[in-house]
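A.B. asks: Take this structure, written in C-alpha cells, and hold onto it; I'll ask about it next.
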C-alpha cells in the first residue's frame, strides 16, 4: 500500500474515530492550514505528538464547522476524526505551505460498522442510564462508545493499538469503573439528602 502525503497538525491529543474535537487556531501556519481546509475541502492529520506514541499514529480529521472567527485571524473550529493513520515521515512543511505534512498509511476504519459485543453494549447502556441518558442512538459502534467514556491519553493509545477483542475488554473495564463511580456518587447524594 502506497503512503499518502497529507497536511499535518502535530498535537498532544489523540481523537478517536467519529469523535468531535474543538480546536483553537492561532498560529500563522495553522491559519493557513484552516484556509486550505476550508477552500479545498481537504482532510488533515493530527499527529499524536507524545512520548508514548511508539506506533507513530495519528487521527485523520475533517472540518465540521467554524464556530467563531476573531479580528486577529484566530478561529474556533470543530473537527471530526474520520480515520487513524500510521505515520511514515513527518515533514517540516507540506509542499510549499508553512504548515507540516506527513506520509501516512490509513487504517481505513469503518466507524459505523465496527460493533461492540453484547456485554459491552449492555454496560454502555447502563453507563448512559446512570448519566441520565435514556434514549441513546441505536447504531452506536465501538468507536462511538469509546469516545463517550473519556479515556485518558494512555487509555486512548492502548485502545487504538489493541486488536478487536482487547478493544472490547479495555472498553468494558472502563465502563465498569465509570458505572461504579457514578453509583457511588448517587449513594453519596442520597446520604446527604437524608441529613
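The values are calculated or read from the model by the stated rules, or taken from the named source; none is laboratory data. No experiment lies behind these values; they were computed from the predicted model shown. Virtual Cβ from ideal backbone geometry, glycine too; neighbours counted across all protein chains shown.
A.B. asks: Could you look through the stretch 147-160, keep only residues that are buried (at least 16 other Cβ atoms within 10 Å of the Cβ) and part of a helix (DSSP H, G or I), and pick out the one that is nearest to the chain's Cα centre (by Cα)? Reasoning before the result, please.
C.D. replies: Step one: list which residues in the stretch 147-160 are buried (at least 16 other Cβ atoms within 10 Å of the Cβ), which gives 147-149, 151, 155-157, 159-160.
Restricting the remaining residues to those that are part of a helix (DSSP H, G or I) gives 147-148, 155-157, 159-160.
Numbers: 147: 6, 148: 10, 155: 12, 156: 8, 157: 10, 159: 11, 160: 10 Å.
Within the stretch 147-160, the match that is nearest to the chain's Cα centre (by Cα) is 147.
A.B. asks: Got a number for residues in the stretch 121-139 being touching a helix residue (DSSP H, G or I) at 6+ places or on another chain (Cβ under 6 Å) and closer than 18 Å to residue 17 by Cα?
C.D. replies: Qualifying residue count, the stretch 121-139: 1.
A.B. asks: Continuing with this model, one more query. If you scan the stretch 94-146, which residues turn out to be under 19 Å from residue 81 (Cβ atoms), free of Cβ contacts under 8 Å to residues at least 40 places away in the same chain and not in a loop (DSSP other than H, G, I, E, B)?
C.D. replies: The answer is 142, 145.
A.B. asks: To continue, here is another question. Here is a list of conditions, (1) in contact (Cβ under 8 Å) with a residue 60 or more places away in the chain; (2) more than 16 Å from residue 143 (Cβ to Cβ); (3) out of contact with any helix residue (DSSP H, G or I) (no Cβ under 7 Å at 6 or more places or on another chain); (4) surrounded by 13 or more Cβ atoms within 10 Å (Cβ to Cβ), and residue 28 meets all of them except one; can you say which number that is?
C.D. replies: Condition not satisfied by residue 28: (4).
A.B. asks: Now for a different question. State which residue is surrounded by the fewest Cβ atoms within 10 Å (Cβ to Cβ) when the search covers only the stretch 170-188 and only residues that are at pLDDT 95 or above and more than 20 Å from residue 133 (Cβ to Cβ).
C.D. replies: Applying the filter and picking the extreme gives 173.
A.B. asks: Further question: So residue 36 clears everything in (1) over 22 Å from residue 86 (Cα atoms); (2) assigned to a strand (DSSP E or B); (3) over 18 Å from the mean Cα position of the chain (by Cα) except one condition, right? Which one?
C.D. replies: That leaves (2) as the condition not met.
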